[in-house]
Amino acid sequence: TDGRYNYAIGRVGDVGHDSIYRFDRDWGRPEQLFALGGDGAYGKGVTYDPTNRSLWVAMQVTNDLGTRKVFRDLALDGSVISQFVVRDSDGYGLAMDYADGTLW
């Protein structure tokens, strides 16, 4: 949450068609902000980053390079600010420690 909105990943149809949604503080009034893309990826977690007012999204990507987890820092319009790849990672969810800026 950014204090005003809650954010979540939602899927419409098959894997690879995930989107980021914004909700009010009571998880009402869902609004699709942007699709995560069609690159064989699906969302596994999202957290708000107050340092640049963006969303970090954990995604599992499967393509000709294999399966890996990609962490993307996305602007609220869906554009990629930065990203990094982790080859071996399981689990769902993502959180940010606002005290030191680490993702976990």
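With every protein chain in place, what's the accessible area of TRP27 (1.4 Å probe, Å², nearest 10)?
140 Å²
Name the most mobile residue of GLY66, GLY93, GLY45, meaning the one with the largest mean-square fluctuation, in a Gaussian network model of the chain with Cα contacts below 10 Å.
The residue with the greatest mean-square fluctuation here is GLY66.
Within the range 22-51, list the trypsin sites (Lys or Arg not before Pro) lying in a DSSP loop whose Cβ has at most 12 other Cβ atoms in a 10 Å radius.
ARG25
May I ask you to give the solvent-accessible area per residue for the chain, in square angstrom, as obtained with a 1.4 angstrom probe?
60 Å²
Calculate the tail of P(r) for the chain: the fraction of all Cα-Cα distances greater than 23 Å, expressed in %.
22 percent
Among PHE23, PHE84, PHE71, which one shows the highest mean-square fluctuation when the chain is modelled as a Gaussian network with alpha-carbon springs under 10 Å?
PHE84
Quick one: if the Förster radius is 30 Å, what FRET efficiency do TYR98 and ARG29 give, using the C-beta to C-beta distance and rounding to 0.05?
Between TYR98 and ARG29 the formula returns 0.75.
The values are calculated or read from the model by the stated rules, or taken from the named source; none is laboratory data. Just so we're clear, the structure is a prediction, and the values are computed from it rather than from any experiment. Note: ideal-geometry Cβ built from the backbone for every residue, glycine included; neighbour counts use all protein chains shown. Keep in mind that these areas ignore ligands, DNA and RNA; they rest on the heavy atoms of the full protein, side chains included. Shrake-Rupley method; radii C 1.70, N 1.55, O 1.52, S 1.80 Å.
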